[in-house]
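What follows is a set of notes on a single structure, which appears directly below.
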Amino acid sequence: MKTFTVAAAALLAGTASVASAQSDTDATTPLPVIGTVPALCTGGTLAGGDAFDLGVLIDVNTGYLRTDLSTEPKVLTGSFCSARSTISVVATPISAQNFTATPPNGFSRQVDYTATASGWTPTAAVYNTADATHPAATQQRDAAFTGDITVSIGDFSTVGGNALRMVADPSYRGMVTVTLAVAD
Amino acid sequence: MKKTLLLASAVALAGFAAPAMAQSTGTVSIDGSVADRCLFTTDSQTISAGELAGTDGKLDTSKLDGQNRTLVGWCNGTAATMSVEAQPLLNVDFTGTLPSGFNDRVDYTATATANSLDATDDSTVAGAGTAVNVGVFSGDVKVALSGSTAGGNLLVAGGYQGQVLVTLTPNVSFGAP
Amino acid sequence: MKRCFISLAALAMVPGVAYAQSDTDQQSVTLQGNVASLCVLGAPSQSSIDLGQLVATSGTRVGRIAAIGDQHVTLPGSFCNFAGTALTVSSDAMLAADSSAVQPGFARAVNYTSSVDNWASTPPTVTTAATAGGGTPNATGTGGVEPLPKVADLDLSLSSFTVPSDALLVAGDYAGSVTITLGPAVSD
């Protein structure tokens, strides 16, 4: 009996045709991990109460608006915007709340002043109630920012001229509004 | 000087009649026989299937199914039979426990065809398949593979080797002398 | 009468072989093949990981990173058909699309931890350590060696989302990435 067997080498070099996708290493394409942060602003918290208390507005001896009116500024702490932003200040004249009729000759019922919001932008935002236009009332910040905003009022004057006396009223009121907004 | 030349001859002398006598005839019969025998006249063959797995890591059945090689042989007796044994392809490189989901052998069916008769064997069953009575023939013995399988599992990397054994058995056609 | 005896070697005419019962012959066809070393990662169950809104929009943590839960991605049917493989994870921190310098109190990076489980006994775990300005965003790590061929469902998990110094995050779209590689373990 004759038996023919041939022992062969285990791997044949050059005879295997390997599919092009096969490899001993495989890697994913990079898996994106994504999310968004909205552009938002928060005005922070107002330290020292929410009212500028000016007290008695007039010199009781003359009846004219005091020339030494002043008050401590208010601070908004923890304000931030996560993107470029604008800060704007709007103020309304300090007006008699009970005496709303047209004052008699020689009298006024309103006080003009300047409201300033500083600390946010290099140039403070300023609004003067006596002005017809207010180009400086809106200022821009070019990047995200966090910081304190100082709101102050000053530069008081009698509406109609300082020769007018103020009508009596236990309540005179003005309003300063500071707005932080994300810029387009 | 006499030289004697001796010619030794192993050849029998047939039909030698006694010389120089009265004519008489002797008969010498010649007996011979031809034993039942089978023989392959070609060398062994090799099927190199190359990379057995597809891109999914499982057996690509097209690598083995349909592969064939032709041997040449003959048998001179009517009782001659042919059988084939399919031995699975086994991984010759991997040692250790076979992990779940993998296989390290490839099974298949081998068919040998001689004198228009088929002998088959399945590699999952040890030993050769049933023999067929090919009888007296001389010519091609075609060996073909089909039905390859790795059980649907991934194949462990490495070299794989198996073989198909074809046996021609003459048997005894006319009984013992 | 001479008689000549001629001995006949009866079978001397027939050369060679004594009468044999059978003369079987066997031939073989050798089968050879090979299976190349192969690693294939399953297709991820998500094509991206979208965390949506990253910051709190009210309360004491307004503008800072919100509490983001663990994220999972599966790579089913990942396999290597040979022994001695390892997983490598490369993660990039999430950075804001705006690359300009950040202001004090702000950051443009979100760091996180990535881990891939179900391969070797020691999973690769990496934590990005980007700075507030987005520097050094990449972290790469390799897990333990798997000693046998293996097929498994891999589990990528992302967790512990933090911001350097817990700063405010600048607005915009944020993007990072995670790349998983499976292949032969590289010996040091």
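The values are calculated or read from the model by the stated rules, or taken from the named source; none is laboratory data. Here the structure is a predicted model, which is why all the values come from computation and not from measurement. Note that each Cβ is placed from the backbone with ideal geometry, even for glycine, and that neighbours are counted across all protein chains shown. Just the protein is used for accessible areas: all its heavy atoms, side chains included, with ligands, DNA and RNA removed. Shrake-Rupley method; radii C 1.70, N 1.55, O 1.52, S 1.80 Å.
Would you pick out the residues in the stretch C:35-62 that are within 17 Å of the chain's Cα centre (by Cα) and among the aliphatic types (A, V, I, L, M)? Explain how you work it out, then say what you get.
Within the stretch C:35-62, the subset within 17 Å of the chain's Cα centre (by Cα) is C:36-47.
C:Ala36, C:Leu38, C:Val40, C:Leu41, C:Ala43 - these are the residues of the stretch C:35-62 that are within 17 Å of the chain's Cα centre (by Cα) and among the aliphatic types (A, V, I, L, M).
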With the condition kept exactly as written, say whether any residue in the stretch B:80-93 is touching a residue at least 12 places away in the same chain (Cβ under 8 Å), surrounded by fewer than 18 Cβ atoms within 10 Å (Cβ to Cβ) and over 22 Å from C:Phe82 (Cβ atoms).
no
Looking at the stretch A:92-112, I want the residues that are at positive phi and have a partner that is crowded, with 18+ Cβ neighbours inside 10 Å and among the hydrophobic types (A, V, I, L, M, F, W, C) with Cβ atoms under 8 Å, at least 6 apart or on another chain. Which pairs are those?
A:Gly106/A:Leu164
Taking the conditions exactly as written (buried (at least 20 other Cβ atoms within 10 Å of the Cβ), among the small types (Gly, Ala, Ser), out of contact with any Asp or Glu (no Cβ under 9 Å at 6 or more places or on another chain) and at pLDDT 95 or above), does C:Ser45 satisfy them or not?
no
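Give me a count of the residues in the stretch C:145-188 that are facing chain A (nearest Cβ under 7 Å) and either free of Cβ contacts under 8 Å to residues at least 12 places away in the same chain or part of a loop (DSSP other than H, G, I, E, B) (or both).
2
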Given (1) more than 7 Å from chain A (Cβ to nearest Cβ); (2) assigned to a strand (DSSP E or B), C:Thr30 misses just (1)
Only one of these conditions is not met by A:Asp50: (1) under 30 Å from C:Ala66 (Cβ atoms); (2) open to solvent by less than 60 Å² (accessible area, probe 1.4 Å); (3) in a loop (DSSP other than H, G, I, E, B). Which number is it?
(2)
Within the stretch A:64-120, of all residues that are under 20 Å from A:Asp169 (Cα atoms) and charged (D, E, K, R), the one surrounded by the fewest Cβ atoms within 10 Å (Cβ to Cβ) is A:Asp68
When A:Ala39 is run through (1) outside any loop (DSSP other than H, G, I, E, B); (2) within 14 Å of chain C (Cβ to nearest Cβ), the failure sits at (1)
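Results for (1) out of contact with any helix residue (DSSP H, G or I) (no Cβ under 8 Å at 6 or more places or on another chain); (2) within 14 Å of chain A (Cβ to nearest Cβ); (3) open to solvent by less than 60 Å² (accessible area, probe 1.4 Å); (4) among the hydrophobic types (A, V, I, L, M, F, W, C), shown as yes or no for each residue.
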site	(1), (2), (3), (4)
B:Thr97	yes, no, no, no
B:Ser116	yes, no, no, no
B:Leu145	yes, no, yes, yes
B:Gly152	yes, no, yes, no
B:Pro170	yes, yes, yes, no
All positions within the stretch A:161-184 that are assigned to a strand (DSSP E or B) and among the small types (Gly, Ala, Ser)
A:Gly174, A:Ala181
Among (1) away from chain A (no Cβ under 14 Å); (2) open to solvent by less than 50 Å² (accessible area, probe 1.4 Å); (3) not in a loop (DSSP other than H, G, I, E, B); (4) not charged (D, E, K, R), the one test that B:Thr120 misses:
(2)
C:Asp50 vs. criteria more than 30 Å from B:Asp65 (Cβ to Cβ) and at pLDDT 90 or above
yes
The correct count of residues that are charged (D, E, K, R) and surrounded by 17 or more Cβ atoms within 10 Å (Cβ to Cβ) in the stretch C:153-176 is 1
Which condition number in (1) under 30 Å from C:Ser99 (Cα atoms); (2) out of contact with any Ser or Thr (no Cβ under 9 Å at 6 or more places or on another chain); (3) among the β-branched types (Val, Ile, Thr) is the one that A:Ile87 fails?
(2)
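Residue-by-condition table, conditions (1) polar (S, T, N, Q); (2) in contact with a strand residue (DSSP E or B) (Cβ under 9 Å, 6 or more places away or on another chain); (3) open to solvent by less than 30 Å² (accessible area, probe 1.4 Å):
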| position | (1), (2), (3) |
| --- | --- |
| C:Ile65 | no, yes, yes |
| C:Gly84 | no, yes, yes |
| C:Leu95 | no, yes, no |
| C:Ala101 | no, no, no |
| C:Ala107 | no, yes, yes |
| C:Val151 | no, yes, no |
Looking only at the stretch B:58-79, which residues are open to solvent by 60 Å² or more (accessible area, probe 1.4 Å) and of a type outside the set (S, T, N, Q)?
B:Lys58, B:Arg69, B:Trp74
Please go through the stretch C:132-149 and pick out each residue that is under 22 Å from C:Asp70 (Cα atoms) and open to solvent by 30 Å² or more (accessible area, probe 1.4 Å).
C:Pro137, C:Asn138, C:Thr140, C:Thr142
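On the basis of being in a strand (DSSP E or B), closer than 25 Å to C:Thr60 by Cα and of a type in the set (Asp, Glu), does A:Asp148 make the cut?
The answer is yes for A:Asp148.
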Selection count where residues are on the phi < 0 side of the Ramachandran plot and exposed (fewer than 15 other Cβ atoms within 10 Å of the Cβ), scope the stretch A:155-178:
8
Quick one: B:Ser24 ticks every box in (1) open to solvent by 60 Å² or more (accessible area, probe 1.4 Å); (2) under 26 Å from the mean Cα position of the chain (by Cα); (3) more than 7 Å from every other protein chain (Cβ to nearest Cβ) except a single one, so which number is it?
(2)
